[in-house]
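Contents: one structure, followed by commentary.
The values are calculated or read from the model by the stated rules, or taken from the named source; none is laboratory data. The shown structure was predicted, so the numbers you read here are calculated from the model rather than taken from an experiment. As a convention, Cβ positions derive from the backbone with ideal geometry for all residues, glycine included, and neighbour counts pool all protein chains shown.
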Amino acid sequence: MAANEEQLLRQFQASASHDALRELLIAHQDRIYNACFQVLGRPEDAEDAAQESLLKLAEGARFARDADAFRGWIYRVSFRVAIDHWRRREATRHRESRSAMNRPVTPPFDDRERLALFEAMDGLDDRDRALLLDHYFEKVPLSDLGERRGVSAVAIWKRIDRAREKLKRALLGAGFVVASARVGEALEASVPAAAPAALVGEAILGKILAGGLAVGATKSSMIPIAVVTLVLLFGISTSGYVLLRSRKPVRPAPATSTVGASAPKASEERMVAPEDARPAVADAIPAAPQNEMLERLRRYRAWHVEWKAFGRTLDSIAPDEVRKRVDEKSNEGRMILEGARKMIFKDSRTFLDFIRDPANEELCEMLIGHALDRLRIREGQIATLEMQDFSELPAALADGIIGLLKTGTPGQKAPLLRYLLFVKGVSEAFKDQFAVLIHDSDPRVQIGAIAALSQKAPLPLPFLEPVRSVYESSTNPAVRRTALEAISRTDTEEVQRWMVSRIERGIDPDLVRSLAQASLASLQAMGGSADDRTLDRHAAALAAAANVRLDGGDGHMWVVLAALNLPANRAIPVLETVVRSSIPNGGFAKAVSTVLDKIRTQGAPPKSLMYEFRSLLSSGK
């Protein structure tokens, strides 16, 4: 079989013909479907993921070194596609019961443990992952694996055993102690699944051919093949319209399929508004030669080398000078890209090529913000980031961004998500992808996805439960804090009750601050329009938060500020509880006692004492 796979691969690389592509797809369809089925468990889901993986197959085949390398690449792509499908299924909460999953045997892991196992396998190198999948998923005997790799069966078993130990350590590190001891049992429980007969059909071939991934290698087609090869190297999306604000509409450019990307789902087919709803003008942005943008980007890359060297000198700079020097150096990089945003909107392809290049991944952390952020400038100084409207983004740029959010590295995804935090009105396809990425294995991506999903506003209700699940399951403090902030801004009775319950059970004292901030924001937004039931609910929640012994500090400060937005009869019990929970005679307790006394004895409206309370705290009296 290995020799046949090698022959088919070389045949496709030589001709890239329709027939060669079909043979290559058929040769690998069972392997791809089986990998997806083991992750997803349901035939219909596995078929969707397998078709998405097959669409990428020609991309990897064209540049594969040999059949073994290509097999490892196939496993990696299929695994990641299947895991993305799993996360999407979790995020939308449309999963069926375990009994409906049509799994041939009952696996020893529950759903969360299985996902953790597969994510750990995704983290292995291609050789280790391929060995495990060949042996356990496809049930290839050790002797055959050894023959394929030119070593003994004993040597293969030792490699497999080392790979399993890596999985155990990964599961232990993720907190799955019991599951880590049952890795072998879970892998052995896998039963191979054959792909449906109709998996590789004319529809799949048509989509790949439409994307330019297979072109007959005749003499007359050598130029198209060279072009396709360059496109494949960078994975460029050129579909859609260039959409920019102006008075003079122009017709959109013809769409070109995203090379190497999966077929769009219904929600992703149009990520931008239809042409008649979004005027566009070519002369709104002056044309810029591609080489000018490329030159800017290359200069930025050279500046970034200086930036890294500069960072190593900060220890020798006086502390009061560090912030100033860092700002000055950062502004140098920003100035190199001054005006680049307009160029990128005019020619998104060049920019996307640059950030997709693995050699430039390290630059993305700063480059994406420097290039795409819109800044409000006051007196020559950077003041704040301005919100942008999604409708302003050219479709080619939007398509390229969402493609990177699906298949890019954490170093690309995280800065893109930070940029999107300041883009309002994103399409549903973007929101769906944010919901997938909140379950990402990289904390930076999780934080960015949660922040982009909420945009410092109440979470959309469909995403509330997935974010709450991340908060409860994550062991990363920054991820938990970001998730909690997003949850707390959703001021519903159910959310408040959940937070109070966890506080009262002593599960998480950090909830005190978030609950109080959410209550403060809600009360201020309602002004004097809140009814008695709502005021009682907030008073009870703040009393529960005040009852947690924090010895004053930041959490109880927010409790007091929120309580001062209640009527006196509801504010007084909360403030009394804060005093009892604080250090006796401490500065914080004295400040609370002062405002409490003025409410009781002078009849001062609680809200009028907010400024005084802050002054007492800052003065320490």
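Side notes on the structure shown:
- Selected residue (only one of 118, 109 is at pLDDT 80 or above and within 29 Å of the chain's Cα centre (by Cα)): 118
- Positions within region 7-37 being under 23 Å from residue 139 (Cβ atoms) and over 35 Å from the mean Cα position of the chain (by Cα), in sequence order: 8
- Looking only at residues in region 329-362 that are of a type in the set (Gly, Ala, Ser) and assigned to a helix (DSSP H, G or I), the one that is nearest to residue 300 (Cα to Cα) is 333.
- In region 138-166, residue surrounded by the fewest Cβ atoms within 10 Å (Cβ to Cβ) [restricted to those that are part of a loop (DSSP other than H, G, I, E, B) and either under 36 Å from the mean Cα position of the chain (by Cα) or among the aromatic types (Phe, Trp, Tyr) (or both)]: 139
- Single unsatisfied condition, residue 475 versus (1) in contact (Cβ under 8 Å) with a residue 40 or more places away in the chain; (2) within 28 Å of residue 437 (Cα to Cα); (3) part of a helix (DSSP H, G or I): (3)
This table checks each residue for (1) farther than 30 Å from residue 464 by Cβ; (2) at pLDDT 70 or above; (3) of a type in the set (S, T, N, Q).
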position: 31; (1), (2), (3): yes, yes, no
position: 38; (1), (2), (3): yes, yes, yes
position: 41; (1), (2), (3): no, yes, no
position: 48; (1), (2), (3): no, yes, no
position: 53; (1), (2), (3): yes, yes, yes
position: 78; (1), (2), (3): yes, yes, yes
position: 97; (1), (2), (3): no, no, yes
position: 102; (1), (2), (3): yes, no, yes
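- Of the residues making up region 443-463, just one is outside any helix (DSSP H, G or I), surrounded by fewer than 22 Cβ atoms within 10 Å (Cβ to Cβ) and either modelled with pLDDT of 90 or more or among the aliphatic types (A, V, I, L, M) (or both), namely 457.
- Residue selected from region 1-49 under the condition in a helix (DSSP H, G or I) and hydroxyl-bearing (Ser, Thr, Tyr), by the criterion surrounded by the fewest Cβ atoms within 10 Å (Cβ to Cβ): 15
- Across region 529-536, a minimum of one residue is classified as among the polar types (S, T, N, Q), out of contact with any Asp or Glu (no Cβ under 9 Å at 6 or more places or on another chain), at pLDDT below 90 and not in a helix (DSSP H, G or I).
- Against the list (1) in contact with a helix residue (DSSP H, G or I) (Cβ under 7 Å, 6 or more places away or on another chain); (2) crowded, with 23+ Cβ neighbours inside 10 Å; (3) over 23 Å from residue 295 (Cα atoms), the condition residue 399 fails is (1).
- Comparison of 423, 445, 512 shows that the only residue that is of a type outside the set (Lys, Arg), under 17 Å from the mean Cα position of the chain (by Cα) and not assigned by TED's automatic domain parsing to the domain that holds residue 350 is 445.
- Within region 568-599, the only residue that satisfies the criterion of being closer than 24 Å to residue 537 by Cα, basic (Lys, Arg) and modelled with pLDDT of 90 or more is 570.
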